[in-house]
Amino acid sequence: MLFANFQSIVFEFIIRWMHQHISVMLNEVIEALALERGGLFLDATFGGGGHTRAILAANDRTRVVALDCDTQATQRAQALQVQYPGRFTFYHQNFAQVDDLQEMGFAGALFDLGVSSFQLDATERGFSFRNNAPIDMRMDASSGQSASYFLEHASREELVKAVRDYGEEGRWRQVVEAILAARGTEQLRYTHAFATLIESAIGKRYHRQKIHPATKTFQGIRIAVNRELEAIERGIPAAFEKLESAGILAVISFHSLEDRPVKRYFKHLAGRPEHRLDNRTQDERVVRAKMITRKPVTPTEQEIAQNSRSRSAKLRVIQKLAN
């Protein structure tokens, strides 16, 4: 009995904590998913659980299957399972594994890409250099290689791809050489030391920018360690295939590297040219979906004022057509 009471208190604390978590473009997502129909929905990026909670609360005929590879999301999910018994299922897995799900016929699916606020705010996870911590950056801290290990052992080509392609850092050569030269030192173990290393490599004349000189490299290393773009290219098409006829697929991205493959895939589904070099004739295209958002939906000024992390968010929505 004592344990049950303690567990109840813990769940109540988690629920209140989750209420304080700000989900990006929550109203726009709820409207896009057309929840009045009810049915089974997929939240492929559970995170703080805000979107899942809103889907469950909007209609007592909705059910949600949620995924998250972050082990810390499991306890937050347990709180919702207690609050919505029989309507909520959680799997501890990466959204790249959507194809492995037994569930089919989703009325809607949501992907909220990028790093969650819970991960960014957890100093020990090493996603940010605001506080000093070991450089980990793994979204699933229970598996895979840490960012520190990657920095010490990745080939030059892998570092170039991370810093130049994923981080879109203009002075990538200097950064890569600095990383290679720093191997075996403390500079590749902790966030503050690594940020200082990058800052020195870039040079003072290039520091006159709105963001810290290490921001782009941190992004690139994080994307490489978690194979984020590979997950997008696998998970989103798999989710579309699991939609029922007229099912909705909604994706929130936070930078161009995430948004670009989503934009191209949605154009592909809608039978439109995917890019400027796509010269296929209309007869060569297959129309499998209808664009709900011709241009991405962006946060309101009010939301950005309340949650600065939403400022770069883009929401794209598409609807599956009957086969």
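No lab work stands behind these numbers, since they all come straight from the coordinates. Being a predicted model, the structure only gives us computed values, none of them experimental. Using ideal geometry, Cβ is built from the backbone for each residue, glycine included, and neighbour counts are taken over all protein chains shown.
Please give the length that would be gained between SER155 and VAL287 if that part of the chain were fully extended, namely 0.36 nm times their separation in residues minus their C-alpha to C-alpha distance (nm, one decimal).
The span from SER155 to VAL287 would gain 43.4 nm if fully extended.
How many angstrom separate the Cα center of segment 267-312 from the Cα center of segment 63-118?
24 Å
Looking at the chain, send over the antiparallel percent of its DSSP beta bridges, to the nearest 5.
40 percent
If I require 24 Å or longer along the helix axis, counting alpha carbons, and a Kyte-Doolittle average no lower than -1.0, what helices from the chain are left? Use full DSSP H segments.
Both cut-offs are met by 2-20.
Above 25 Å lies some portion of the pair distances; for segment 203-323, what is it as a whole percent of all C-alpha pairs?
Every Cα pair in segment 203-323 considered, those over 25 Å come to 38 percent.
Among PHE41, ALA147, LEU67, which residue has its Cα positioned farthest towards the positive end of the charge dipole of the chain, with +1 placed on the Cβ of Lys and Arg, -1 on the Cβ of Asp and Glu, and the dipole taken about the Cα centre?
ALA147
Enumerate the whole-percent occupancy of each 20 Å bin, from 0 to the last occupied one, for all C-alpha pair distances of the chain.
Cα pair-distance distribution for the chain, in percent: 30, 55, 15, 0.
How far apart, in nm, are two points set 7 Å out from the Cα along the Cα-to-Cβ line at ARG264 and at GLU36?
3.8 nm
Any idea how far apart ASN131 and GLN75 come out in nm if each label point goes 7 Å out from Cα toward Cβ?
With each label point 7 Å from Cα toward Cβ, the separation is 1.5 nm.
Of all the stretches in the chain, which is the longest one without any exposed loop site, taking trypsin sites (Lys or Arg not before Pro) in a DSSP loop (any state but H, G, I, E, B) with at most 10 other Cβ atoms within 10 Å?
1-207
Taking the Cα centre as origin and putting +1 on Lys and Arg beta-carbons and -1 on Asp and Glu beta-carbons, what dipole magnitude results for the chain, to the nearest 20 debye?
1000 debye
When the dipole is taken about the Cα centre of segment 202-277, and only Lys, Arg (+1) and Asp, Glu (-1) are charged at their Cβ, what size is it in debye, to the nearest 20?
Charge dipole of segment 202-277: 660 debye, to the nearest 20.
Specify the residue with the greatest mean-square fluctuation among ILE232, ILE304, ILE248, computed from a Gaussian network of the chain linking alpha-carbon atoms under 10 Å apart.
Evaluated over the chain, the most mobile residue of the options is ILE304.
Give me MET25, MET104, MET137, MET291 ranked fewest to most by other Cβ atoms within 10 Å of their Cβ, as a rough exposure proxy.
MET104, MET291, MET25, MET137
Let's see if you can work this out: charge +1 on each Lys and Arg Cβ, -1 on each Asp and Glu Cβ, no other charges. What is the dipole magnitude of segment 126-226 about its Cα centre, in debye to the nearest 20?
Value, rounded to 20: 460 debye.
Find how many whole Å separate the alpha carbon centroid of segment 184-202 from the alpha carbon centroid of segment 151-183.
Each part reduced to its Cα centre gives a spacing of 12 Å.
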